[in-house]
Amino acid sequence: NKMRQQLSKVIIGLWAFVSINLPIANAFAPTNLLINTRQDQFGLKLPSRTLRIDIQSFAKEKEAPVDDEKYNKTTLWDTMYDRLVDYHAERGTSWLPRAYDPDQKLANWCRTQRFQYQNIESGKPSFITKERIRKLEELDFLWFPRHIRWEEMFQRLVEYKGKNGHMRVTSVRPKSMYDPALANWCIRQRASFKAIQAGEDTFLTPTMITKLEELGFQWDGSYEGMWEESFRHLLAFKELHGHVHVTNYYAPNQPLANWCSGQRNNYRMSMISEERTKRLEDVGFIWNKRTGKWLISYHKVKIHKEKTGNWNVPKDYEGDRFLWNWCSKQRLNYKKGTLSEENIQLLNDIEFPWTL
């Protein structure tokens with residue numbers, strides 16, 4: 001008898017733990033059903049009512065609210081949902097990659113929600129409720145693998161634009177724009193959009209269309225608008241700095257720096273039109289990087305002279321400790337006769353002193 005009493009306590013505790021931590025157990029296996037089964041199996045003659053009371057009191061002790069300022073929730077689901085809300089607020093998306101080191105537990109939880117949702121779609125038991133589905137969809141939660149794959153490729157396109165300053169993805173060389181998988185994906189997006197305009201159903205949702213358009217995606221495959229936008233950024237740069245010699249690592253607008261490098265690459269490979277070449281040259285665009293670097297320093301010296309009225313360039317002029325050395329180098333090259341006539345003329349135009 002003593003052994004049976006101990007065994008009954010173990011059964012009660014085990015089922016209470018399962019019923020708290022796995023909601024699906026409560027939904028499909030009522031307490032009295034389990035206990036009656038155990039009674040039949042082990043010959044236990046304990047009243048089902050008494051056992052239910054014990055389980056409820058046990059569960060009540062275990063369901064105390066979590067003492068946490070940020071996630072003060074009574075269930076694990078709500079705690080994880082709040083973490084997803086924070087992630088969405090920070091990233092602008094509820095999609096997490098399969099392997100996400102900063103919060104792998106959250107990534108696993110999201111996969112579980114998809115699995116439970118797909119159970120509903122296939123008519124299988126699931127613990128996810130309509131209310132939970134509604135809350136997740138408020139965060140644009142992705143339920144199906146094809147949507148997840150779309151988000152992965154979209155993020156890849158975002159990274160491509162950030163690196164190259166454009167979305168002219170190609171499946172051929174040059175290497176800087178080479179990404180066959182992404183190029184084919186872009187083609188499929190345009191084909192689907194064209195089908196939607198023709199009244200056909202496709203996988204492309206209104207949310208997907210909005211995200212692509214906000215990124216500047218061209219549905220007709222024409223990059224005329226994108227080129228014009230970058231050119232306007234270049235004119236704004238000139239108005240601010242007095243020249244268009246954007247360095248390769250221009251932190252305030254790295255995409256513009258990448259775009260300028262792309263124009264030089266296209267020029268070198270004869271992939272830029274005469275009309276665009278002329279427009280760039282008319283605003284002072286330099287095709288040779290070395291010449292461009294020289295002109296950046298030249299304009300800095302010119303601006304210093306206009307501001308101060310003298311040629312006393314300090315050794316750390318506006319954080320550029322090389323500008324003083326640059327001035328000394330121009331005088332040295334002038335004496336050696338290695339300074340080009342064009343550069344000499346530019347320096348003479350601003351009355352640059354060849355001797356101090």
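Here are the numbers for the structure shown:
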quantity: Exposure rank, largest accessible area first [His166, His299; 1.4 Å]; calculated: His299, His166
quantity: Gain in span if fully extended, Glu229 to Thr291, counting 0.36 nm per residue against the direct Cα distance; calculated: 19.8 nm
quantity: Using a Förster distance of 45 Å, the FRET efficiency for Asn184-Asp349 (Cβ separation, nearest 0.05); calculated: 0.30
quantity: Two-decimal Rg/Rh across the range 81-143, once Rg and the Kirkwood Rh are taken from alpha-carbon atoms; calculated: 0.97
quantity: Radius of gyration and Dmax over the Cα atoms of the range 289-350, both given in Å; calculated: 11.4, 30
quantity: Full-stretch length increase - Ile196, Trp219 - with 0.36 nm per residue and alpha-carbon distance subtracted; calculated: 7.1 nm
quantity: Quotient of C-alpha Rg and 2.2 N^0.38 Å, computed over the range 146-215; calculated: 1.13
quantity: Ile303-Met153 FRET efficiency (beta carbon distance; Förster radius 56 Å; 0.05 resolution); calculated: 0.80
quantity: Difference of contour (0.36 nm per residue) and Cα-Cα distance, Tyr100 to Lys278; calculated: 59.3 nm
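The values are calculated or read from the model by the stated rules, or taken from the named source; none is laboratory data. Since we're looking at a predicted model, the values are computed, not measured. Reconstructed Cβ throughout: ideal geometry from the backbone, glycine too, with neighbour counts over all protein chains shown. In case anyone asks, the SASA skips ligands and DNA or RNA and just uses the protein heavy atoms, side chains included. Shrake-Rupley method; radii C 1.70, N 1.55, O 1.52, S 1.80 Å.
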